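See below for the structure under consideration.
The values are calculated or read from the model by the stated rules, or taken from the named source; none is laboratory data. It should be emphasised that the depicted structure is a prediction, and the values quoted were computed from it without experimental measurement. Cβ placement follows ideal geometry from the backbone for every residue including glycine, while neighbour counts extend to all protein chains displayed.
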Amino acid sequence: MENRLYERICLPIKLSYEVRTRPRIIKESVSKDISGNGICLSLKEKLLPKTVLAIHISIANNNDVKLIGKVVWSRRVEIITDESPVVYYDTGIELLDADPININRIITHFYGKSF
């Protein structure tokens, strides 16, 4: 059993992100799970630990949430298909500005209940 401060919720959310050292290059991704102080993303690129990201999650009624986080780990995942292998990177992000109100808004909107 993992020793975690917050429960991790499997929650695929479409989002956009940019690496803070490469501003204005916005990429799309999907989360795998989210907790009160972190989020796991499936990325098409490998990012090094300590890379800082700006993450943008769209919520209805223009109540979008912007988060800042840093890469803690990245793991290559390869799926073999009939065509060719699909490679992506599961990437663990520690949220640096983990406002519980914003995290609760995200979970409530996409998961349907409060955190």
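A few remarks follow.
- Residue match in segment 65-72 (condition: in contact with a Pro (Cβ under 7 Å, 6 or more places away or on another chain), at pLDDT 90 or above and over 16 Å from Pro12 (Cβ atoms)): yes
- Among residues of segment 61-89 that are assigned to a loop (DSSP other than H, G, I, E, B), those with a Cβ under 9 angstrom from a residue that is surrounded by 10 or more Cβ atoms within 10 Å (Cβ to Cβ), sequence gap 6+ or separate chain, pair up as Asn63/Arg105; Asn63/His109; Asp64/His56; Asp64/Ile57; Asp64/Ser58; Ile80/Val86.
- Checking each residue in segment 73-115 for being at pLDDT below 95 and among the small types (Gly, Ala, Ser) picks out Ser84, Ala98, Gly112, Ser114.
- Every residue from segment 73-102 that is surrounded by 11 or more Cβ atoms within 10 Å (Cβ to Cβ) and either of a type in the set (D, E, K, R) or under 17 Å from Ala60 (Cβ atoms) (or both): Arg75, Asp90, Glu94, Asp99, Asn102
- Segment 1-16 - residue that is exposed (fewer than 12 other Cβ atoms within 10 Å of the Cβ) and of a type in the set (A, V, I, L, M, F, W, C) and, of those, modelled with the lowest pLDDT: Met1
- Checking each residue in segment 17-43 for being modelled with pLDDT under 95, loosely packed, with under 14 Cβ neighbours inside 10 Å and not β-branched (Val, Ile, Thr) picks out Arg20, Arg22, Pro23, Arg24.
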